[in-house]
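The values are calculated or read from the model by the stated rules, or taken from the named source; none is laboratory data. Given the structure is predicted, the values throughout are model-derived calculations rather than measurements. Neighbour counts run over all protein chains shown; Cβ positions are idealised from the backbone, glycine included.
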Amino acid sequence: MFNIKFLHEIRDWEIKQIIELFPPNAKILEIGGGSGFQAKQLSDLGFEVISIDLPSSNYASERVFPVIEYDGNSFPFESESFDVVFSSNVLEHIHDLEPIYNESKRVLKPDGYAIHIMPSGSWRFWTIIANYIEYFQRIVKSLLKLLVNILRNICHSIKNFFIEIIKLTISYSIPSSHGGKNNAFFEIWTFSKRAWVNHFGRRQLRLESAKPMGLFYTGHMIFGKYLSITKRSRWAKLLGSACIVYKISNSDKK
């Protein structure tokens with residue numbers, strides 16, 4: 001189940017892992033800032049941060065830092081005005097990435113670079129598994145609810161139970177896509193490190209590094225409050241990291 005507090009714990013951990021990638025006193029542009037949580041973290045650490053997102057952001061009501069709304073194509077800033085362009089779990093949701101790459105190159109200084117954190121194929125695989133675990137959890141919850149209600153009204157309770165089971169089965173039978181471009185099973189490949197490295201290569205983007213974040217979690221957060229960040233870090237060594245951080249250089253800019 002989605003939990004904004006748990007999500008913030010993950011995002012806090014991400015920043016701590018990549019903080020050394022940001023130059024001292026860097027001016028940072030965050031794409032897809034959402035609630036502005038990570039922008040606030042970076043700002044509190046002494047960086048100059050500007051965060052942008054679409055007006056339709058799902059996290060607009062959760063804002064903790066100023067987030068500028070933009071059209072999703074053109075960055076409303078002057079050329080060569082940022083040291084770093086940063087995003088976390090954003091690029092996989094964008095259907096046409098060319099404007100983002102072009103605008104990033106434009107607003108980055110000649111020696112600047114982009115840092116993008118994106119979900120891995122491992123995250124996609126385990127999120128599919130978690131989808132069915134959550135399905136059975138909700139079935140059990142519905143059964144318990146039925147048993148309680150049976151004592152009140154047998155026929156009505158049984159009818160409602162089967163209606164709920166049918167709805168849950170339809171909802172969970174095929175895991176939903178995360179990025180919106182492909183189905184969930186194909187995303188195991190499209191979210192993989194190799195797929196993104198190939199993607200950047202085809203667009204002649206200079207990839208300096210691609211490293212696992214070292215944290216395990218799924219998109220359903222079914223064990224959110226039961227597994228600490230420390231335990232999730234250990235699990236990542238066995239089950240795979242949920243995200244990979246990609247660093248793209250802008251040094252070839254003319």
Notebook entry, point to check: For segment 120-154, which residues satisfy the criterion of being surrounded by fewer than 15 Cβ atoms within 10 Å (Cβ to Cβ) and small (Gly, Ala, Ser)?
Noted result: none
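Looking at segment 87-184, what helices (runs of 4 or more DSSP H) fall wholly within it and have at least 3 residues that are under 19 Å from residue 205 (Cβ atoms) and in contact (Cβ under 8 Å) with a residue 12 or more places away in the chain?
On the way: elements: 98-107, 121-150, 154-173.
Here the list reads 98-107.
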Notebook entry, point to check: Can you name the residue in segment 40-66 that is modelled with pLDDT of 95 or more and of a type in the set (Val, Ile, Thr) and is also nearest to residue 28 (Cα to Cα) among such residues?
Noted result: 49
Next item on the list: Go through the residues of segment 195-214 one by one and say whether even a single one is hydrophobic (A, V, I, L, M, F, W, C) and farther than 16 Å from residue 248 by Cβ.
Entry: yes
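I'd like to know if segment 75-89 contains one or more residues that are among the acidic types (Asp, Glu) and buried (at least 19 other Cβ atoms within 10 Å of the Cβ).
Start the filter on segment 75-89 by keeping residues that are among the acidic types (Asp, Glu), which leaves 78, 80, 83.
If we keep only those that are buried (at least 19 other Cβ atoms within 10 Å of the Cβ) as well, we get 83.
For segment 75-89, residues among the acidic types (Asp, Glu) and buried (at least 19 other Cβ atoms within 10 Å of the Cβ): present.
Are any residues in segment 157-182 under 21 Å from the mean Cα position of the chain (by Cα), surrounded by 12 or more Cβ atoms within 10 Å (Cβ to Cβ) and of a type outside the set (Lys, Arg), and if so, which ones? Break it down stepwise before answering.
Applying the first criterion (under 21 Å from the mean Cα position of the chain (by Cα)) to segment 157-182 yields 172, 174-182.
When the remaining residues are screened for being surrounded by 12 or more Cβ atoms within 10 Å (Cβ to Cβ), the result is 172, 174-179, 181-182.
Selection gives 172, 174, 175, 176, 177, 178, 179, 182.
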Note to self: Six or more apart or on different chains, Cβ atoms under 9 Å: show the pairs whose first residue is in segment 235-250 and more than 12 Å from residue 118 (Cβ to Cβ) and whose second is buried (at least 23 other Cβ atoms within 10 Å of the Cβ) and β-branched (Val, Ile, Thr).
What the structure shows: 250/85
Notebook entry, point to check: residue 78: in the same structural domain as residue 11 (by TED's automatic domain parsing) and either touching a strand residue (DSSP E or B) at 6+ places or on another chain (Cβ under 8 Å) or among the hydrophobic types (A, V, I, L, M, F, W, C) (or both), yes or no?
Noted result: no
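Okay, residues lined up against (1) under 23 Å from residue 20 (Cα atoms); (2) hydrophobic (A, V, I, L, M, F, W, C); (3) in a loop (DSSP other than H, G, I, E, B):
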{"position": "230", "(1), (2), (3)": "yes, no, no"}
{"position": "241", "(1), (2), (3)": "yes, no, yes"}
{"position": "245", "(1), (2), (3)": "yes, yes, no"}
{"position": "251", "(1), (2), (3)": "yes, no, yes"}
Checklist line | Tabulated pairs, segment 54-66, first in a loop (DSSP other than H, G, I, E, B), second among the hydroxyl-bearing types (Ser, Thr, Tyr) and buried (at least 17 other Cβ atoms within 10 Å of the Cβ), C-beta under 8 angstrom, 6+ apart or interchain | finding: 59/35; 63/35; 64/35; 65/35; 65/43; 65/51; 66/51
Notebook entry, point to check: Within segment 28-39, is there a residue that is out of contact with any Lys or Arg (no Cβ under 6 Å at 6 or more places or on another chain), without any contact (Cβ under 8 Å) to a residue 60 or more places away in the chain and either farther than 27 Å from residue 215 by Cα or surrounded by fewer than 19 Cβ atoms within 10 Å (Cβ to Cβ) (or both)?
Noted result: no
